[in-house]
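Have a look at the structure below, then the notes.
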Amino acid sequence: MISRAIAILQQAGFDLTARELAEIIWLAVHIEESEQSQQQPQQQSQQLNPPETQTQETPEIASSPQVTEPGAEISLPSAVLSSAKSPESREAIGIKVPAAVALRNSLALGRALRPLMRKIPSPIENILDEEATVYRIAQEKIWVPVLKPAPERWLELALVVEQSSSTAVWKQTITELQRLLKHHGAFRDVRTWELKVTETKAQLFPQNSTGAYSSTPYSPEVLIDSKGQRLILLVSDCISPAWRNKFIHPLLELWGRKGLMTILQLLPERLWERTALASEIPVQLHSLNPGVFNSQLIVETWDDDITDEIENTLQEDANKIKNPIPVPIVTLEPEPLLLWSRVIAGLGNVKTAGFKFSSEFSSVDGVEHSDTQQFTEHKQLNLTPAALVSRFRATASPLARRLAGLMAAAPVSLPVVQLIQQTLLPQSSQIHVAEVFMSGLLKPLTPIHQNTDADYIEYEFVEGIRELLLESVPVSKTISVIDNVSEFVAKRLGLSVREFEARLLVPASGGEDSVETKIRPFAQLKAQVLRQLGGEYARLADEIVTVHFKQGLALYKQGKLDEAITSYQKPLQIDPNNPIAHNHLGIALKNQGKLDEAIASYQRALQIDPNLANAHYNLGNALYDQGKLDEAIASYRKALQIDPNYANAHRNLGLALKDQGKLEEAIASYQRALQIYPNYPDAHNNLGNALKNQGKLDQAIASYRKALQMDPIYADVHFVLGNALSDQGKLDQAIASYQRALQIYPNYADAHNNLGIALKNQAKLDEAIASYRQALQIDPNYAYSHNNLGNALYDQGKLDQAIASYRQALQIDPNYPDAHNNLGIALRNQGKLDQAIASYQRALQIDPNYAKAHFNQGLALSDQGKLDQAIASYRQGLQIDPNDAKAHNNLGIALSDQGKLDQAIAELEIAVRLDPSSTLYRKNLENYKNEKKDF
């Protein structure tokens, strides 16, 4: 029997060694035993197919529609490709479905590879030549073994898998292809590499023994074999930006001119026109010798008329494209794979399909490239959902169209798609899955990294697509998908179907329940699908919407804004016309500082329900934060038209009016808020601020004290009360208020600063300095405290330290006029008049109406004897502030020094009138009058 088996194998073209024959016989025996032992478990597994029951699911977060190119080109789902791991936005559902076989014709594919199984003598390994050894012993009596080169397979294989957003879709196909090639026996060695191509470089990452790819990159030249015995098989669907922008072309040329390479196209030939191959020149290739490089293949045109048309289109300037490289292209189908194998093996007059590629306008690994080229995802037209679905239905295969409709009734992930295929569409294949995933209808919800497990990537249909797809699916089929997926997931989570249904409607109270986080996506989608079915199903959908909304509120109160936003968006995907959800989504977005998005949410809520007072109020708050006071006021007034007793709206209207300087109207708004809600501490505080701005300090202080009666630990009110008391000169009470604010909030930098000011006004300079330093410890970039610290140090006569503080303030805020002015004063006191004048001039550049800087500049100019300039500075300052007695006095002194006694006396008379208590001014006036008499 064994000899007969050997004869059959030899007739079939297999040249096997004795060891290989023994292994085949051993394997055949064990396979037979294994099949017998597995028959019973297979019968049991068939019983695990879930029966049809009626259950529910819920939708994912809706986002902006995906855009696709015209003409139904295949496109990548937009994804974040990253080499580093990052936390996913939510917990993925770890369900594993026994995957259907992707290569259903693996035996036929194996037979198609037989022409590559030729052997050649090994250059390094020798074996015993039994016949020659026996002959030598018999003839020459020499008992020395004769060796000969061991036979080995003539080719080794580098399987290069392009990394792109679509790689996850082909995971099962690529895995089975690897297994087939490694165990087939056609190649002496099979190594798998991942290829990553950007605009400027291409990198290879070898696969290790665990199946993961190394993080260490290699140059593409590492695959060039000097002996020409390595076949490079590039696995791709040719739709990534690297293909569309021709960034991969230099790589094809590198491998094709220095070796033997082929593209293994994962998509069938009927879809090639929708890939980047549509812009290349199709050819037929053959060879008379085995293993020739691509550049040596014999090229024939596929169709002269078509080829001429393509070449005329692609080569407007024929001189720019020189010697395009021919590259064979093959699919995972037996017939084209057999033709390709024969061409590679050089077996006579056979031809295989291929394309001619040119790298003239691209660059990889050191070749110059154009800076104007942008490596971006393939751009798509901003098509409406209806247009996207119409285009898909017009170009997709019937099975792909049916699969997309069934997928619309379930959360989209590869395991769920495999479950749908096995239970409802067993005749579909991986090609049909790829048609759906690359149609532009889907987008990934989680980032896709280099080593991301494809089974854990979740997808969502572009907004509006799911509903359109479900319209074409019979209700019975939709319910079947829901039932099958729900029952399968329930079993994987250790729940009965009834428990699973209950958890959909009544989530666990603990927000961190891991089972709960896995159920939520199903609940969301189930509600969306059920609502579309109508009737009793719609009522169940409303219950699930309520669950999501309550979850959002709870998460918002916990400060988990990202999770809250996600929960608010889910009911909106189910019911886009829910104004309450839009309003609450806006609140969460505003708290994240995303004002434009928040405003859009409020406006959407008001489009649906114009009488939603809270949405008008929230819109006003967002507009106020943007500084759009007129629009904010209009929104507050609309809220009050709907609800005149809306105390918060009255109070915030007052804030906006106060910022516009309309203090009387602001006060009226605050008072109206307090009529509605007398115990409103914020309104009392705001009323106090407006009264203080009017100079009504007693009334302001009364308002602050009322606010503190209602909220004694309101630190901000203690602070502003201190400011009002300080303005009244009640420094002890002001200091007590600041200290109370600091007891409540010790890191209140403003309170430390103002406490320092009050202490300085009491001449308690050391304590004031300590307060300023405390403020600066909390906020080192607090320019006002640096300036105030400088003032206190100046009063202590520590001019160098004061100058250092002023300069520190100016480093933080170069346009701080007070600090420039104070620096000038300190420099003048050090006799550095030029520097002092420069500081005053800088202050006046910033604020030309800064009267004190004009006066101080006049003093410095007087010190320099520049009386005309000094007098001009005094006069400029007095035009701004004519009631400064000291400036009139100093101007009078300067005029007296010029001998202009009449003018000097006139200025001193003004000074005395403005400050009758000043003995200095009276004495100067008396002296000038006496001097005039003597003169």
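All of the numbers you see were taken from the coordinates with simple rules; none came from a lab. Note that the structure is a prediction, hence the values are computed from the model and not measured. Counting neighbours? That spans all protein chains shown, and the Cβs are built from the backbone with ideal geometry, glycine included.
Can you tell me how region 672-734 classifies by the Cα gyration tensor, rounded, prolate or oblate, using a/c under 1.5 as the rounded cut? Oblate is the answer for region 672-734, as a/c is 1.5 or above yet b/c matches or exceeds a/b. The ranking of 840, 714 by Cβ neighbour count inside 10 Å, starting from the fewest, reads 714, 840.
Annotation for region 838-864 versus region 617-660: alpha-carbon center distance of 42 Å.
Charged side chains reduced to their Cβ positions (Lys and Arg at +1, Asp and Glu at -1) give region 154-357 a dipole of some 940 debye around its Cα centre.
Mind checking Rg over Rh on region 855-935, alpha carbons, Kirkwood formula for Rh?
On the way: Rg = 11.8 Å, Rh = 12.4 Å.
Dividing the radius of gyration by the Kirkwood radius yields 0.96.
The order of the peptides 917-924, 611-618, 671-678, 882-889 by mean Cβ neighbours within 10 Å, most packed first, is 611-618, 882-889, 671-678, 917-924.
Between residue 645 and residue 732, what is the label-to-label distance in nm when each label sits 7 Å out along the Cα-to-Cβ direction? Modelled inter-label distance: 4.7 nm. Taking each of 196/258; 443/638; 201/351 in turn, the alpha-carbon distance tops 31 angstrom for 443/638; 201/351.
Using the alpha-carbon positions of region 729-814, Rg (one decimal) and Dmax (whole number) come out as 12.4, 36 Å. Taking amide H atoms as placed 1.01 Å from N in the peptide plane, the amide H of residue 261 lies under 5 Å from those of 232, 294, each 5 or more residues away in sequence or on another chain. Here region 244-303 is treated as a Stokes sphere of Kirkwood radius computed over C-alpha pairs; at 10 °C and 1.306 mPa s its diffusion coefficient rounds to 122 µm²/s. Under 5 Å between amide hydrogens, built in the peptide plane, is the criterion, and for residue 881 it picks out nothing among residues at least 5 positions away or on other chains. Among the trypsin sites (Lys or Arg not before Pro) within region 115-218, those in coil by DSSP and having at most 14 neighbouring Cβ atoms inside 10 Å are 141.
When the Cα atoms of region 154-357 are aligned to their principal axes, the ranges along those axes come out at 50, 39, 33 Å in descending order.
For a quick protection proxy, order the peptides 785-793, 289-297, 698-706 by their average other-Cβ count within 10 Å, most packed first. It would help to have the intermediate numbers written out before the result.
Values: 785-793: 26.2, 289-297: 17.1, 698-706: 19.9.
Descending mean neighbour count gives 785-793, 698-706, 289-297.
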